[in-house]
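Take a look at the structure set out below.
The values are calculated or read from the model by the stated rules, or taken from the named source; none is laboratory data. These numbers were taken from a predicted model, which means no experiment stands behind them. All Cβ positions, glycine included, derive from the backbone under ideal geometry; neighbour counts span all protein chains shown. When the accessible area is computed, the model is the full protein with side chains, heavy atoms only, and any ligands, DNA or RNA have been set aside. Shrake-Rupley method; radii C 1.70, N 1.55, O 1.52, S 1.80 Å.
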Amino acid sequence: MLASDPTAHDSINLNCSTRANADLHLLPCSVDHNGPAKTTTYFLPTKQSATTFEAAFRGRQIHGRTVDVPPGYTGHVVESTSGSTHDAFENNTSVRLELLSVEQFTSITVWEHDQLPRPDDEAISALAWTKVAQSIHCD
C-alpha cells in the first residue's frame with residue numbers, strides 16, 4: 001500500500017490488446033529511445049547454443065542468455081495510460097495505475113558485457129520469485 005491512509009486503495013488496471021510472442025532483449029545499457037527500432041538491421045545476435053548468444057552493441061561484445069517465463073505466466077510490455085504516478089508517490093497518496101499491454105512474451109534474452117549472465121543475475125533471479133509466490137499462496 002502506498003498511501004498512509006489505511007482505507008485508501010491503490011490499484012492497477014491492465015488492459016490487454018497485445019501482439020503475442022515479442023522478441024524481448026534486456027541490454028546492459030541505457031537507450032534513450034522509446035518505441036520501435038530497426039533491430040533486425042542493426043542488432044544481429046549469433047546463436048552459440050540453444051539458449052546463448054553473442055552480439056555487438058555500440059562496438060562492444062555482449063553475451064546473452066534466453067530465459068523462459070515460468071509455466072503458467074505470461075510476460076507483458078506495458079505502457080502507462082494514466083499519466084505520471086510520480087506525484088502520488090512523492091505525496092504518499094493513493095494511486096490508480098492504468099496500464100496497456102502492448103506486447104506479450106514467453107521468454108527474454110538477458111545480456112551482459114564480457115560474460116554470459118549468471119543464474120543469480122537480477123533479471124533472471126526475479127523470475128524465480130514466482131515459485132516463492134506460489135508457495136506462499138498455496139492452499
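In the stretch 117-139, the residues that are surrounded by 10 or more Cβ atoms within 10 Å (Cβ to Cβ) reach residues that are charged (D, E, K, R) with C-beta atoms within less than 6 angstrom, at least six apart or across chains, in these pairs: Pro117/Arg65.
For Ser49, the criteria (1) at pLDDT 90 or above; (2) surrounded by 13 or more Cβ atoms within 10 Å (Cβ to Cβ); (3) of a type outside the set (Val, Ile, Thr) hold in every case but one, which is (2).
Residues that are surrounded by 10 or more Cβ atoms within 10 Å (Cβ to Cβ) and over 20 Å from the mean Cα position of the chain (by Cα) within the stretch 25-43 are absent altogether. When the stretch 52-64 is filtered for residues that are of a type outside the set (Gly, Ala, Ser), at pLDDT 90 or above and surrounded by 14 or more Cβ atoms within 10 Å (Cβ to Cβ), the ones remaining, listed by number, are Thr52, Phe53, Glu54, Ile62, His63.
Can you report the number of residues in the stretch 65-75 which are open to solvent by less than 80 Å² (accessible area, probe 1.4 Å), free of Cβ contacts under 8 Å to residues at least 60 places away in the same chain and not in a strand (DSSP E or B)? The number of residues fulfilling the criteria is 2.
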